[in-house]
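Only the coordinates and a few stated rules stand behind these numbers; no lab work does. Small disclaimer: the values here were computed from a predicted structure and weren't measured. Cβ coordinates were reconstructed from backbone atoms using ideal geometry, including for glycine residues, and neighbour counts include every protein chain displayed.
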Amino acid sequence: MLAGGEPQTLTGAAVAGGQWLSKARRTLTTAMGAADADPDSAFTLAYDAARSACTALLAQQGLRATTRGGHAR
């Protein structure tokens, strides 16, 4: 996958991934608050939180997913 350009490598401050982990926490908190009133939207938010957490994990490893074959963000 790396040889094919999916995922890309990161360097510098982007490797920390902290901003993605913070986003995941905020999104999950919002999902939990919406769970009773709007479970479908809460599920979508929880999915987005998990995706952000996975992005943070990749960043910690010096990697970033590209839009090829996955979510465009």
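So how much slack lies between Leu57 and Ser22, counting 0.36 nm per residue of separation and subtracting their Cα-Cα distance, in nm?
Value of the extension gain: 11.4 nm.
Residues whose amide H comes within less than 5 Å of that of Leu63, counting only those at least five positions distant or on another chain, are Leu10 (H built at 1.01 Å from N in the peptide plane).
Please report the net charge: other residues with Cβ closer than 13 Å to the Cβ of Thr29, K and R +1, D and E -1.
+2
Calculate, in whole percent, how much of the Cα-Cα pair population of the range 8-64 lies beyond 14 Å. The calculated P(r) of the range 8-64 puts 52 percent of pairs beyond 14 Å.
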